[in-house]
1. Return yes or no: is ALA190 surrounded by fewer than 22 Cβ atoms within 10 Å (Cβ to Cβ) and without any contact (Cβ under 8 Å) to a residue 60 or more places away in the chain?
2. How many residues does the stretch 476-505 contain that are small (Gly, Ala, Ser) and more than 30 Å from the chain's Cα centre (by Cα)?
3. One residue is enough: does the stretch 455-464 have a residue meeting the conditions open to solvent by less than 20 Å² (accessible area, probe 1.4 Å) and either in contact with a Gly (Cβ under 8 Å, 6 or more places away or on another chain) or at pLDDT 95 or above (or both)?
4. Scan the stretch 261-299 residue by residue and report those that are open to solvent by 20 Å² or more (accessible area, probe 1.4 Å) and either of a type in the set (Phe, Trp, Tyr) or in contact with a Pro (Cβ under 7 Å, 6 or more places away or on another chain) (or both).
5. Across the stretch 398-413, which residue is farthest from the chain's Cα centre (by Cα) among those that are surrounded by fewer than 17 Cβ atoms within 10 Å (Cβ to Cβ) and within 25 Å of TYR275 (Cβ to Cβ)?
6. Suppose the filter is farther than 30 Å from SER23 by Cβ and either modelled with pLDDT under 90 or surrounded by 18 or more Cβ atoms within 10 Å (Cβ to Cβ) (or both); does HIS256 pass it?
7. Looking at (1) touching a residue at least 24 places away in the same chain (Cβ under 8 Å); (2) open to solvent by 40 Å² or more (accessible area, probe 1.4 Å); (3) not hydroxyl-bearing (Ser, Thr, Tyr), find the lone condition where LEU131 falls short.
Amino acid sequence: MANDLKITYIDEPVGALEGTTPSVTSLQAFCALEDILDTENNAPQRATLEDGYWVLGTAYHFFSDEPEKETWGLFSQAISGGDGSFAAPVVLTLELDDLYSSIGLTLRFDPYGPTWCSNMTAAWYRDGALLAQEDFAPDDWEYTCYKEVRNFNKVVLTFKAMSHGYRYLKLERISYGITRVFDSEECYAADLYQDTNVVSDELAVNTLDFTLRNRSDVGFLFQRRQGLRVTFGDELLGVYHISTSSRAGKNLYDIHAVDKVGLLEMAGDHAGGIYNGVAASVILAEIMGAIPYTLASSLASVALTGWLPKAPRRDNLQQVAFALGAMVRTGHSEAVDILPMPAGDATASWGQTESYEGGSVETAAPVTEVQLVAYEYLTGGESETLYDAELTGQAHVDFDAPVYGLAVAGGEIVSSDANGAVIAGTGTQVVLTGTKYKEVKRIYAKENPLRSGNDEDNPVRYEGMTLVSPAMAPALLEKLYGVCMRQDTVKGKVLTVTERPGERVSILTDDGEMRTGHLVSLDYTATGKLAADVTVLCDAEEDEA
């Protein structure tokens, strides 16, 4: 099997489409223009009265009696003349909410005719000032206007003529960039790493590193958070986002990318707060924001009680996942998947044929006791001063512990939560007071009954997870204890394509034994086949018996 590793690079500014407001000078009443911003939009194949457009025996359907229920994108009222020219050009204006940079614009016209605009002008602006302007002559229904422009917030496209006479302008969708697919001839030294922690006491960022050789005449405009899809044959290995890039030589670029957990880390802090019996699905929706994720149905309604500080979103995701006893993984997925640790039989087996050689077994020192700290946050106590100063305008006050019962003198509270407040004043002395919750810690512990007289003390303590309440601590302790009793890990190199972090697998060891456990990491290499250095957390010996 030939090396079929491919990296698809979506070279467009993140957030540009979501931040665009389109307008146009000519549009059919049944169209919703914003559909051109949908990257998946496909207009219906409908017969019209355009000259020579409806070809009998093809897949055209009669025009709908309710066309407004279909997604057309841009479908102009104006129709071109016999020579393809519009009497008055159709002008599409794209207003953006911020400054963006791109390598060009990709336009998807009408694939069914096919027909397209054959004469157009694109102009880029920043705050009303013209940055760049260029004429283009598209020669197909899907066309890219290559033009690198930096820091623009408006684009004006003027469509002057069509590829055929007596045709409407149809534009299904538009994007601020291009999509390119790289094979092993262009991307090499690829290092693709994935892992998961089965109980989320840690939450790692999966990474992709590779060197790219540019074999085209079109340059790159690498930007933070841009997407990379990694596939091997038909299998999606992962979706990554550019973190850093650098030029390594002429036409050579070194790329470092992270998964959606890393993307979550770039997304700013989560406000946190005090939670009292709030469903996990509600808290996770706050944390994840626009980043796609899946949550196992068995976990969605679990009620959580406790405190989350104002912290990076990745940190608070880990807090929630740990409290649920869940694992987080992104490998082989479009999203962040949050699910219980899988149980049952192995779904994959790496024996003599699939293993390069037997994996080495590493045995950790036996854990003698597992301790879990649970937290309660109680009201009561005395109010204290949190801010006392002259204030003109607004100030954001962060608290070092959760607070309730806020009051202000000399100003006003604009907004507040348990972790902070925005206050306002008009030049007078402003005093903000409130009462801190009382934090109560309880330690739950379970000793290893198989501890021998020669075993040194080796306790494992889980603390600082402030969403672990006393109500859920006993069940969570049992789960943590079961993981801590698993002393053996197997590390080996195997052939793999579809196996995902967290799955139950069996692997051949260097002494010829098959061991079963959870796959916790894969470090991929692609030559003629896809292989990975893997780590398997083995079941305890008594569980395997």
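The values are calculated or read from the model by the stated rules, or taken from the named source; none is laboratory data. Everything numeric in this text was worked out from a predicted model, so none of it was measured. Note that each Cβ is placed from the backbone with ideal geometry, even for glycine, and that neighbours are counted across all protein chains shown. Surface areas here come from the heavy atoms of the whole protein model, side chains and all, with no ligands, DNA or RNA. Shrake-Rupley method; radii C 1.70, N 1.55, O 1.52, S 1.80 Å.
1. Numbers: surrounded by fewer than 22 Cβ atoms within 10 Å (Cβ to Cβ): yes; without any contact (Cβ under 8 Å) to a residue 60 or more places away in the chain: no.
Spelling it out, it is not the case that ALA190 is surrounded by fewer than 22 Cβ atoms within 10 Å (Cβ to Cβ) and without any contact (Cβ under 8 Å) to a residue 60 or more places away in the chain.
2. 1
3. Among the residues of the stretch 455-464, not one is open to solvent by less than 20 Å² (accessible area, probe 1.4 Å) and either in contact with a Gly (Cβ under 8 Å, 6 or more places away or on another chain) or at pLDDT 95 or above (or both), which makes the answer no.
4. The answer is GLU265, ASP269, ILE274, TYR293, ALA296, SER298.
5. Per the criteria, the residue is ALA407.
6. On the way: farther than 30 Å from SER23 by Cβ: yes; either modelled with pLDDT under 90 or surrounded by 18 or more Cβ atoms within 10 Å (Cβ to Cβ) (or both): no.
No.
7. Here LEU131 clears every test but (1).
For (1) in a strand (DSSP E or B); (2) in contact (Cβ under 8 Å) with a residue 40 or more places away in the chain; (3) among the charged types (D, E, K, R); (4) closer than 30 Å to THR525 by Cβ, each residue gets a yes or a no:
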residue: SER245; (1), (2), (3), (4): yes, no, no, yes
residue: TYR253; (1), (2), (3), (4): yes, yes, no, yes
residue: GLY262; (1), (2), (3), (4): no, yes, no, yes
residue: ASN276; (1), (2), (3), (4): yes, no, no, no
